[in-house]
1. Which whole-number percent gives the relative contact order of segment 1-143, counting Cα pairs below 8 Å spaced six or more residues apart?
2. Put Asp43, Asp151 in order of accessible area, largest first, 1.4 Å probe: what do you get?
3. How long are the three semi-axes of the equivalent ellipsoid of segment 4-54, in whole Å, if each is the root of 5 times an eigenvalue of the C-alpha gyration tensor, listed from largest down?
4. Taking the mean number of other Cβ atoms within 10 Å as a proxy for protection, how do you rank 158-164, 9-15, 36-42 from highest to lowest?
5. Using helices alone, I'd like the mean residue ellipticity at 222 nm for the chain: each DSSP H run of four-plus residues gives -39500 (n - 2.57), total over residue count, nearest 500.
6. Could you order Thr138, Thr123 by accessible surface area, starting with the largest, using a probe radius of 1.4 Å?
7. Can you give the accessible area of Glu92, probe radius 1.4 Å, in Å² rounded to 10?
8. Which ³J(HN,Hα) values, rounded to whole Hz and listed in residue order, are derived for segment 4-13 from phi using the Karplus coefficients 6.51, -1.76 and 1.60 in 6.51 cos²θ - 1.76 cosθ + 1.60 with θ = phi - 60°, glycine and proline given as x?
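The values are calculated or read from the model by the stated rules, or taken from the named source; none is laboratory data. Computed from a predicted structure; not experimentally measured. Note that we place each Cβ from the backbone using ideal geometry, even for glycine, and neighbour counts take in every protein chain shown. Surface areas here come from the heavy atoms of the whole protein model, side chains and all, with no ligands, DNA or RNA. Shrake-Rupley method; radii C 1.70, N 1.55, O 1.52, S 1.80 Å.
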Amino acid sequence: MNVDSVSLGLGLTNACNLSCAHCYRPSPPLTYLPLSVVKRACDALPVSGVNLGTGENALHPDFHEILSFLLERGLRVSLTSNGYSIARLSDETLRALNDVEISIDFPDHRRFDAFRGSGAMRTALGALDRCRSLGVTTTVLAVLMRDNHRDLVQLAKLAAHWESCLRVNAYQPAKSRVFLPRYEE
């Protein structure tokens, strides 16, 4: 099999500053993917792009070193975040990213903060605002659930307001089926 390039999805950590009920990341104990493993993967595969997701990446003790390695290698790097990691990047590093995905599951502060934690919407919108001001391409990432399936139009409008794309992932019942939408939803 001839493979010219690979897009690699990396979960650097399962640590997160939030405890969202619908999250599928592994529960503690906390784990951190070592830089040495990231380097080995990039050496073994014809990697052209990397998405950093699963957990909140800036909570990894070597996050900045790993990110620098990936960017210095000339890879297209995308970052998925609830906004926390975005706030911990310099403008220069943020501009070097190919795309930033910000997790937003509800179009209004009240429900979003009730679901993800107090201040979660402010952090997410702050990340979108900062990225827009720096010219960084953004995507609003929503998890489609029983609780928000009627909000997709409003989420699309929210994304459009921030000049973002909208990506929707169907909820994966890794820990519970409570948020799983029914077929008709």
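1. Numbers: 233 pairs, mean separation 33.0, N = 143.
It comes to 23 percent, rounded to a whole number.
2. Values: Asp43 110, Asp151 20 Å².
Listed by decreasing accessible area, they come as Asp43, Asp151.
3. Working: eigenvalues 127, 33, 9 Å².
That gives 25, 13, 7 Å for the three semi-axes.
4. Values: 158-164: 17.3, 9-15: 19.1, 36-42: 14.6.
So the peptides 158-164, 9-15, 36-42, ranked by packing, come out 9-15, 158-164, 36-42.
5. On the way: 7 runs with 63 residues, N = 185.
My calculation for the chain gives -9500 deg cm²/dmol from helical runs alone.
6. On the way: Thr138 5, Thr123 55 Å².
Per-residue accessible area, sorted high to low, gives Thr123, Thr138.
7. 140
8. 7, 7, 10, 9, 10, x, 10, x, 5, 7
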